[in-house]
Amino acid sequence: MQKFDKQAFIAEVKDNVKKLYRKNIEEADKQQIFQAVSYAVKDTIIDNWMMTQKEYEKQDPKYVYYMSMEFLMGRAMGNNLINLTEYDEVKEALDELGFDLNVIEDQEPDAALGNGGLGRLAACFLDSLATLNYAAYGCGIRYRYGMFKQKIEDGYQIEVPDNWLKNGNPFELRRPEYAKEVKFGGYVRVEYDEKNHRNNFIQEGYQSVRAVPFDIPIVGYNNGVVNTLRVWDAEAIVDFQLDSFNKGDYMNAVEQENLAKNIVEVLYPADEHYAGKELRLKQQYFFISASVQAAITKYKKKHSDIRKFYEKATFQLNDTHPTVAVAELMRILMDEEGLGWDEAWEVTTKTCAYTNHTIMAEALEKWPIELFSRLLPRIYQIIEEINRRFIEEIKAKYPGNQDKIRKMAIIYDGQVKMAHLAIAAGYSVNGVAVLHTEILKKQELKDFYEMMPEKFNNKTNGITQRRFLLHGNPLLAKWVTAHIGDGWITNLPEIHKMAVYVDDPKAQQEFMNIKYQNKVRLAKYIREHNGIEVDPRSIFDVQVKRLHEYKRQLMNILHVMYLYNQIKDHPEMDFYPRTFIFGAKAAAGYRRAKLTIKLINSVADVVNNDASINGKLKVVFIEDYRVSNAELIFAAADVSEQISTASKEASGTGNMKFMLNGAPTLGTMDGANVEIVQEVGKENAFIFGLTAQQVIDYENHGGYNPMDYFNNDQDIRRVLMQLINGEYAPDDTERFRDLYNSLLNTKSSDRADTYFILADFKSYAAAQREVEKAYRDEKGWARMAMLNMACSGKFTSDRTIQEYVDELWHLDKVIMPEK
Ligand code: 26V
């Protein structure tokens, strides 16, 4: 690779400022410097990007198309510099110009084209694919507005539109020459083709939009590879201003224009909650149709036999959201490429694979037939036929068993079930952690597993250490490298070499000192963004993730209320100062989640302003939790709160980011926590609560009564009463009634305390006491924290991707030529 030339870089930045803004560098503001630096970085990337694509042309590798409604990329500039291995050099160059790279990085808005775990996983996977030299495309949507920005006003969440493209995106490239047409609605005309003795299906009376791709470079770490995230924008096909009057179809032109405008307007911000919105289905088909068409076009440039498409392409479906890909591929193969059903089916079932990311029933996608067939008439026909044949298979396997059909059919009860389609038509179904996959096999997808066990497999999630350690925690990264070299950057298991230092007093002190500095950095962020003073010597106890009942932020804050009661009752009590840090967005329509945010902020107001407790307790709700501030937060955490109701969190990936940064897990035996404990040892984590099996048993037998805990435990009773006695809502004692009711009042629809908060409360409190005890032992704590980091090797997304490649995708590495 070319060596970095500092003076040339500085000259280019100056030149960019001049060209972009007609200014000298002294006159430019920080945003302008960010743009100028980014364009300079992009220049470096472009050469590698072209080289990579040329090499792919030459070597003709198989591609994985990672199809996802969400890519939670965060900021690009710093990460690109990291992967180009030019971060420190550019930092120096900017120093010379009188700018701080960190401050310039802060000018970049996050690319927040995702909700949470599923979207961030997609982003980590792209990083690993490029770093491991695999040919890959991310396929998604270029939302005009990403995940909303969260403001906290009077303790409540306010959603503010995220106009992330306001200043333009210096890294993207518009590629109008690769545009595709996507058709909606109308009807299907069947025409007998005399010559080929088959029916042709022609969609007519439809509306269509032009899908225009924007390509975003995905830089591999220090290997010259640059892959592509291709996100589709929608444009009107006819410009109604010019054409409509002539063509006399004014309203239709207006409608098509609106369709194009609406489709890519905004990311749906509800995670794990399906609402059956028509626009959402339009989004799904829009980007899938464009992506599948593009993949076929690409294949046909080099290959003539479409029956072998699967040898050069595989589609990984990130949850059920992209599952229309199955039917779209069938449609193109049959209606446009002329294959018969069986031939097309063989290609499709060898191309598509499905990842499940949640067992939460409310996230299951089921589309009403009426909506689906109206919007996608040809696609619906194809799914009907897939369903008909699938039911034949079920009947053949389970003769006379109507129940199996009821439970497994793709179309049933007036609905199209996307998970069933994905399972029937894919060559693989995977869960995202061992426990999750077992639950899929034994509970949620039991019937499917029994019918086709060979399709089921596990791929435990992972995260990229390049963003979440190398970029996010430079002090720790440099320290690790100084001890064991930099092999861990591309081979994370090497970080286990740090284990030899866990009992070394000097190393312990250095490690704790780095943690302290990171806590100072976060404390500064909190001061500047929240106006709250926190003490970096206190224990930083952190829960950051989407706000959802199953994740139990409510249990965490109830426990804070309980601690506060204790401190008030026993001022003399020896209590190690603690800062409870929360960060979470609630889906805009999720009332109970939003009320939980208000509760957290209300408790914070009381506790933080009570001088009588001498700052022993602080509660901070970090506004607008997102990828960029997450990097600061993980680096500064002492304790990682992973406290979901066992069986509900498919994997979790935040848990891995904390571990990598040396924060022990305080958690339930759920998702990937199970595997984290396996790697680091139970004695280096704080595990509590019901097991997944116990939860499932309760659920199946209805034997849990939270009232027992309320009646028999006065600490619990007191905390719950404080939800309704105005303790934290003196102006409106009813404010938190719904949270109280959620724990105690059984409505006919759902059980009280669906997520077993009261059942787990006391064992959570006990585990929290263990945390405090362990933290007081300075050496013991340093050892435990360092061991967490040292044992995090399994949780790199490089390992996850390698498993996908070895077991499912079978890609070959593409090695770039030496320059
Ligand atoms: C569902 C829906 C329903 C329609 C509205 C928009 C929307 C957006 C997302 C989802 C599914 C979210 C599923 C999800 O994020 N699951 C998380 O996936 C992580 C990566 O595998 C995993 O670590 C988390 O445990 C799991 O909750």
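Residues of segment 544-563 that are closer than 14 Å to Arg592 by Cα, among the aliphatic types (A, V, I, L, M) and either open to solvent by 10 Å² or more (accessible area, probe 1.4 Å) or not in a helix (DSSP H, G or I) (or both): Leu547, Leu554. Residue check: is Phe309 among the hydrophobic types (A, V, I, L, M, F, W, C), within 16 Å of the ligand (Cβ to nearest atom), open to solvent by less than 10 Å² (accessible area, probe 1.4 Å) and in a helix (DSSP H, G or I)? For Phe309, the condition - among the hydrophobic types (A, V, I, L, M, F, W, C), within 16 Å of the ligand (Cβ to nearest atom), open to solvent by less than 10 Å² (accessible area, probe 1.4 Å) and in a helix (DSSP H, G or I) - is not met.
Of the strands (runs of 3 or more DSSP E) lying entirely inside segment 616-699, those containing at least 2 residues that are of a type in the set (A, V, I, L, M) and at pLDDT 95 or above are 617-621. Selection of segment 120-163 for residues being basic (Lys, Arg) and over 19 Å from Gly74 (Cβ atoms) yields only Lys151. For Ile613, the conditions (1) open to solvent by less than 20 Å² (accessible area, probe 1.4 Å); (2) within 27 Å of Ser742 (Cβ to Cβ) are fulfilled apart from (2). Of all residues in segment 43-66, those satisfying the criterion of being of a type in the set (A, V, I, L, M) and surrounded by fewer than 24 Cβ atoms within 10 Å (Cβ to Cβ) are Ile45, Ile46, Met50, Met51. Does segment 423-445 contain any residue that is touching a strand residue (DSSP E or B) at 6+ places or on another chain (Cβ under 7 Å), open to solvent by 40 Å² or more (accessible area, probe 1.4 Å), part of a helix (DSSP H, G or I) and β-branched (Val, Ile, Thr)? Yes, segment 423-445 contains a residue that is touching a strand residue (DSSP E or B) at 6+ places or on another chain (Cβ under 7 Å), open to solvent by 40 Å² or more (accessible area, probe 1.4 Å), part of a helix (DSSP H, G or I) and β-branched (Val, Ile, Thr). Would you check if there is a residue in segment 67-90 being buried (at least 22 other Cβ atoms within 10 Å of the Cβ), in contact with a His (Cβ under 7 Å, 6 or more places away or on another chain) and outside any helix (DSSP H, G or I)? Yes, the conditions are met somewhere in segment 67-90.
Within the set Ala344, Ala419, the sole residue that is within 16 Å of the ligand (Cβ to nearest atom) and part of a helix (DSSP H, G or I) turns out to be Ala419. The sole residue among Tyr268, Tyr285 that is of a type in the set (Ser, Thr, Tyr), part of a helix (DSSP H, G or I) and within 16 Å of the ligand (Cβ to nearest atom) is Tyr285. For segment 329-348, the condition holds for at least one residue, the condition being that it is among the hydrophobic types (A, V, I, L, M, F, W, C), under 24 Å from Asp193 (Cβ atoms) and surrounded by fewer than 17 Cβ atoms within 10 Å (Cβ to Cβ). Looking across Tyr299, Tyr206, Tyr274, Tyr268, one residue alone is open to solvent by 60 Å² or more (accessible area, probe 1.4 Å) and in contact with a helix residue (DSSP H, G or I) (Cβ under 9 Å, 6 or more places away or on another chain). It is Tyr206.
The values are calculated or read from the model by the stated rules, or taken from the named source; none is laboratory data. Computed from a predicted structure; not experimentally measured. With ideal geometry, Cβ positions are generated from the backbone for all residues, glycine too; neighbour counts draw on all protein chains shown. These area figures cover heavy atoms from the full protein model, side chains too; ligands, DNA and RNA do not enter into them. Shrake-Rupley method; radii C 1.70, N 1.55, O 1.52, S 1.80 Å.
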